[in-house]
């Protein structure tokens, strides 16, 4: 939560209302061309947008470059932001469109995904409330991340969008509807099919890993 919102909460303002008020003020400053406000916007959202791009492109370098392009696009089109919309979902919508366009562009050039994934945000999975985890747990968590991310990368582009928004970024169905401009029933049905396909991919990847292990043992 931004520091301005935290101050309001400290004054007894409801957290949700404080966040809305803070965002409204930020948007007002952005539309006035306040450079400091735009820097605050980037600081607050760049990690999640980069994280989303990495999941969509499975390439850290491409994701880094695209994140910069996304915020440049945001800066150029601030006047299009609707006051009744949520700023974070608007950013994800722009990021989604840029990612899908970049995937098509890379596909035309014959470039596949590199299967490189970001570490910074994912390392939080290996943290426990009680303190640091053991090295073997860190290694196990890293292998699990790579396994899931490899499976996500095999989903169709539209399916990957839904899985990443819901199951990785934790957006609500209402927020996903705003990002994708799809009806709730469509989001839920497509997400259900995407999860089923993801489960099938994970089973296949597990079977492949076991086969490789058997081959190494035979040698």
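By how many nm would the segment from residue 193 to residue 36 grow when fully extended, if each residue of separation counts as 0.36 nm and the alpha-carbon distance is taken off?
52.2 nm
Enter the per residue convex hull volume of segment 29-96, computed from alpha-carbon coordinates, in Å³ rounded to the nearest integer.
So the per-residue Cα hull volume is 76 Å³.
For the ranges 150-161, 19-30, what's the packing order if you count other beta-carbon atoms within 10 Å of each residue, average per peptide, and put the highest first?
In descending order of packing, they fall as 150-161, 19-30.
Sort the following peptides by mean Cβ neighbour count (other Cβ atoms within 10 Å, averaged over residues), highest first: 77-83, 173-179.
Averaged packing, sorted descending, gives the order 173-179, 77-83.
Only the coordinates and a few stated rules stand behind these numbers; no lab work does. Predicted model only: the values in this text are computed from it and were never measured. When we count neighbours, we look across all protein chains shown, and the Cβ atoms used for this are built from the backbone with ideal geometry, even at glycine.
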